[in-house]
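Below: one structure, written as structure tokens.
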Amino acid sequence: MDKGIHQFEIGETVEKFMLIRSAKKAVASNGKPFLTLMLQDRTGEIEAKLWDCSGDDEKAYVAEKIVKVTAEMTSFRGKSQLRLKTLRLAASEDGVKIGDFLKSAPLTIEEMGDEITRYIFEMKNPKLQRLTRQLVKNHQEAFFTYPAAMRNHHEYISGLAYHVVSMLKLAKAIAQLYPSLNSDLLYAGVIVHDLGKVKELSGTISASYTFEGKLLGHIPIMIGEIGDTARELGIEGEEVTLLQHMVLSHHGKAEWGSPKAPLIKEAEVLHMIDNLDARMNMMDRALEITEPGAFTERIQPLDYRSFYKPSLPETTGGEDG
């Protein structure tokens, strides 16, 4: 099996095919141009610098191109980095394809579709059920294939739907513990809170922000779509405004991107479980490529903290003895 990029030790030679996730041109202090390449395989991504690059290099080494890399694994400011020795574009005879380098959700689209449908049909409020079902139907293919973000958490194929499935399980457990919560509203909020990302992001591979994504963002996009869809279905009442508030406030604070702070219990819980699932995903992915008894690389969205992986026996968790 091909060795994952984060299985290489510092100082070790790396020779493998990788996919260019992004490429950015800059100018070094000596006035010479260079490219910062973000390279990825199925196990993760790593930064590499192509120094003294030419115009031809800039045209050749772009996002979604596969390259053959020979490099030395190094560390810079606490993060692994490749020091390139040779770099070339993959040729047809190399027998590699983009799908070889893409990570996807651990559940199939069919499994996630069945799970989300089950939660929709558990809703007893007919307005919330119809509205949620239609919003998902409007973006069926994209919802089940898009990543949940460009970077940091669930940034892989079907990451958006997998994020929602994980949050629904959290929502159900919390609603059972606190029966005063309106589970219909909570489930609906979980399912549609990030649905605007199918318009904010450009696609499943090397996603970038769309025109709408840059000027509006996924929260305002979804607020408008909830209102439009409700009118098309002839749905009126408090449910529409409450669902819009769930989406509007799910980032928690203005400085985190929410125009309103949560002002109902269900919105507060939505914000908490969204944050919890995203942070757990970031930590799990960093710890997966870390040896027991060692620290992860620093995780930028988690205050640049480096997490320790204990040398304790693994437990399955989640089951009462």
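Could you name the aspartates and glutamates whose alpha carbon sits less than 13 Å from that of Lys172, not counting residues in the same chain fewer than 8 places away? In chain and number order, the partners are Glu115, Glu122, Asp184, Glu266. Treating the angle as unsigned and between 0 and 90°, give the value, to the nearest 10°, between the Cα long axis of helix 238-248 and the longest Cα principal axis of the chain. Compared with the principal axis, the helix lies near 20 degrees. Quick one: angle between helix 183-192 and the longest Cα principal axis of the chain, in degrees between 0 and 90, rounded to 10, please. Compared with the principal axis, the helix lies near 40 degrees.
Kindly identify the range 166-307 as rounded, prolate or oblate by the Cα gyration tensor criterion: order the square roots of the eigenvalues as a ≥ b ≥ c, call it rounded if a/c is under 1.5, otherwise compare a/b with b/c, prolate if a/b is larger, else oblate.
On the way: a/c = 2.31, a/b = 1.42, b/c = 1.63.
Verdict is oblate for the range 166-307.
All other residues with a Cβ under 14 Å from the Cβ of Lys199 taken together, and with Lys, Arg as +1 and Asp, Glu as -1, what is their net charge? Spell out each step's value before the answer.
Numbers: positive: Lys197, Lys214; negative: Glu141, Asp194, Glu200, Glu212, Glu225, Asp228.
Around Lys199, the charge tally is -4.
Once you sort the root eigenvalues of the Cα gyration tensor of the range 169-247 as a ≥ b ≥ c, which label holds: rounded (a/c under 1.5), prolate (a/b larger than b/c) or oblate (the other case)? It is oblate, given that a/c is not under 1.5 and a/b is not larger than b/c. For Leu50, neighbours were defined as the other residues whose beta-carbon sits under 10 Å from its Cβ, and their charges (Lys and Arg +1, Asp and Glu -1) total -1. Take the Cα of Leu177, step 7 Å toward its Cβ, do the same at Ile205, and the gap between the two points is 4.2 nm.
Using Rg/Rh (Cα atoms, Kirkwood Rh) as the read-out, say which of (i) 0.94; (ii) 1.01; (iii) 0.99 was calculated from these coordinates. Computed from the coordinates, Rg/Rh (Cα atoms, Kirkwood Rh) corresponds to (ii).
The range 33-48 to the range 228-302: how many Å between their Cα centroids? So the separation of the two Cα centres works out to 28 Å. Near Gln81, the amide H atoms lying under 5 Å from its own belong to Thr74, Ser75, Phe76; only residues 5 or more places off or on other chains count, and H is placed 1.01 Å from N. Nearest 10 degrees is fine. How inclined is helix 265-288 to the longest principal axis of the chain, computing both from alpha carbons? So the inclination is approximately 20 degrees. Using only side-chain charges placed at the Cβ, +1 for Lys and Arg and -1 for Asp and Glu, the dipole size of the chain relative to its Cα centre rounds to 800 debye. Across the range 162-305, Cα pairs under 8 Å and at least six residues apart give a relative contact order of 20 percent.
Using a cutoff of 8 angstrom between alpha carbon atoms and counting only pairs six or more residues apart, the relative contact order for the range 39-120 works out to 31 percent.
Measuring against 21 Å, Cα to Cα, the residue pairs Lys24/Lys85; Lys169/Lys253; Lys169/Lys309 contain Lys169/Lys253; Lys169/Lys309 as the ones spanning a longer distance. Cross-link check: pairs Lys137/Lys214; Lys32/Lys199; Lys16/Lys79; Lys25/Lys97 evaluated at a Cα-Cα cut-off of 28 Å; pairs beyond the cut-off: Lys32/Lys199. Electrostatic bookkeeping for Ser258 treats Lys and Arg as +1 and Asp and Glu as -1; over the other residues with beta carbon under 14 Å from its beta carbon, the sum is -2. Close amide-amide hydrogen proximity is noted between Leu201 and Thr210, each under 5 Å apart and 5 or more residues distant or on a separate chain (H modeled in the peptide plane; Pro and chain starts excluded).
Suppose a student asked you for the relative contact order of the chain, using Cα pairs under 8 Å spaced at least 6 residues apart; what percent would you report?
Details: 537 pairs, mean separation 37.9, N = 321.
Relative contact order, the chain: 12 percent.
FYI, it's all coordinate maths here, none of it is from the lab. Just so it is clear, the model here is predicted, and its values are computed rather than measured. FYI the Cβ positions are ideal-geometry reconstructions off the backbone, even for glycines, and counts take in every protein chain you see.
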